[in-house]
Amino acid sequence: MATTNDGHLVYDADCGFCTTSAHWLDPAPIAWHTLDLDAVQVTSTEAAANAGWLVDGKVTALGADAIIRALRAKRGGAGLVGLALATPGLRGLAHLVYPRIAANRHRMPGGTAACAIQPPTKGTP
């Protein structure tokens, strides 16, 4: 099986669940706060709600797709899971599940109140 270890997972370093998960998925993950979001063409809202996959200074995937890329880059069973999740049917399921996990990451093992994603606020009246 060919790997796609051409990038790194980008994560929210303020979140314990995200930090633990990112370090399991990638031996050298990158925290969002260390990146110039404008340079990688990601909004602060996207970064707050998603993991990313960074290749050559560009974020090439967000959310479920970033996790799938990170899984595929790992050897062994995790790589096989990533390969399976990349298939159309399971990829659709991953896109349904990922936002729910991200929205509830403060409830996951290692999660704290700092992990909670703040809903976007509308402009003041």
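The values are calculated or read from the model by the stated rules, or taken from the named source; none is laboratory data. Given the structure is predicted, the values throughout are model-derived calculations rather than measurements. For neighbour counting, all protein chains shown are included, and Cβ atoms are generated from backbone atoms with ideal geometry for every residue, glycine included.
Against the definition (under 10 Å from the mean Cα position of the chain (by Cα) and either under 16 Å from His8 (Cβ atoms) or part of a helix (DSSP H, G or I) (or both)), how does Ile101 come out, yes or no? Give the derivation first.
Values: under 10 Å from the mean Cα position of the chain (by Cα): no; either under 16 Å from His8 (Cβ atoms) or part of a helix (DSSP H, G or I) (or both): yes.
Against the criterion (under 10 Å from the mean Cα position of the chain (by Cα) and either under 16 Å from His8 (Cβ atoms) or part of a helix (DSSP H, G or I) (or both)), Ile101 does not qualify.
Just to be sure, is Gly123 modelled with pLDDT under 95 and over 22 Å from His8 (Cβ atoms)?
Details: modelled with pLDDT under 95: yes; over 22 Å from His8 (Cβ atoms): yes.
Spelling it out, Gly123 is indeed modelled with pLDDT under 95 and over 22 Å from His8 (Cβ atoms).
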**Request:** Name, by its number, the condition in (1) at pLDDT below 95; (2) in a helix (DSSP H, G or I) that does not hold for Pro27.
**Result:** (2)
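Table: residues versus (1) of a type in the set (A, V, I, L, M, F, W, C); (2) surrounded by fewer than 20 Cβ atoms within 10 Å (Cβ to Cβ).
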position	(1), (2)
Trp32	yes, no
Gln41	no, yes
Ala47	yes, no
Ala61	yes, no
Gly77	no, yes
Ala84	yes, yes
Gly92	no, yes
His95	no, yes
Tyr98	no, no
**Complete:** Within the stretch 49-80, the count of residues that are out of contact with any helix residue (DSSP H, G or I) (no Cβ under 8 Å at 6 or more places or on another chain), over 18 Å from Tyr98 (Cα atoms), in contact (Cβ under 8 Å) with a residue 12 or more places away in the chain and in a helix (DSSP H, G or I) comes to 1
**Scope the stretch 59-76; condition of a type outside the set (A, V, I, L, M) and at pLDDT 95 or above; matching residues** = Thr60, Gly63, Asp65, Arg69, Arg72
